[in-house]
Amino acid sequence: MLKAYCLLALGLTVCTAGTALGQTTKGTRVLGLSAGNITYQSNGGIRRISGQLSPSIGTFVADNVALGIVAPIGYSSVKYPAGFGRAAKQRNLELGLLPWLRYYLPSSSKHRVFGELSVGGVLDSYRSGTNDYTIKGNDVSLLASLGVGYNYFITPNVGLEALVKYAANTGNSNAFGRNYLDIALGFRVYLPKGGAATVPAE
């Protein structure tokens with residue numbers, strides 16, 4: 001009898017682990033949206049506002065390993081006081097296209113930890129000047145980032161996440177920054193292949 005109970009417990013454990021990992025198994029598609037690099041600074045009459053929004057899409061090519069594309073959109077605006085001796089206004093609007101690779105540590109919990117690497121290009125459209133003149137143009141640069149994140153599944157198919165990453169930009173980016181540490185907050189929708197996901201264990 002004891003042997004039968006042990007076999008039953010082992011079977012339930014295996015089944016629970018298998019279904020709990022359903023969100024990160026091969027074939028699952030992922031849609032996500034996150035926000036980061038949000039700043040507001042006002043000092044000595046100089047005001048700077050910036051932010052970044054990053055929609056992404058991907059798929060799990062193996063259990064716990066996902067590949068995808070993220071298209072970060074960044075905006076920054078800097079205003080200088082009159083007579084500052086520099087451009088009175090400066091604006092940057094930037095669009096990136098970065099392939100990403102993400103690995104989730106295996107777990108049967110709603111709480112998941114992952115690492116992410118992304119590398120790609122950024123198009124920067126800038127405009128600066130005063131009431132007397134305007135300078136505008138476009139620039140293309142390389143953006144790369146490496147980070148560690150945490151995901152919590154609030155439903156079988158939706159996870160809230162936070163990503164701490166270090167990024168480097170080869171251009172004169174204002175919206176994305178050059179070399180910076182950033183915290184991005186967002187969510188992801190997981191669409192398992194062949195049906196709905198099951199609820200992971202706590």
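Readers should treat all values here as calculations from the given coordinates under stated rules, not as data from a laboratory. Keep in mind the model is a prediction, meaning the values are calculated, not measured.
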Handout entry: Nearby lysines by direct alpha-carbon distance to Lys110 (threshold 29 angstrom, same-chain neighbours under 8 apart not counted)
Key = Lys26, Lys165, Lys193
Exercise for the section: Report the full-extension gain for the segment Tyr166 to Tyr180: residue separation times 0.36 nm, less the Cα-Cα distance, to one decimal in nm. Expected result: 4.5 nm
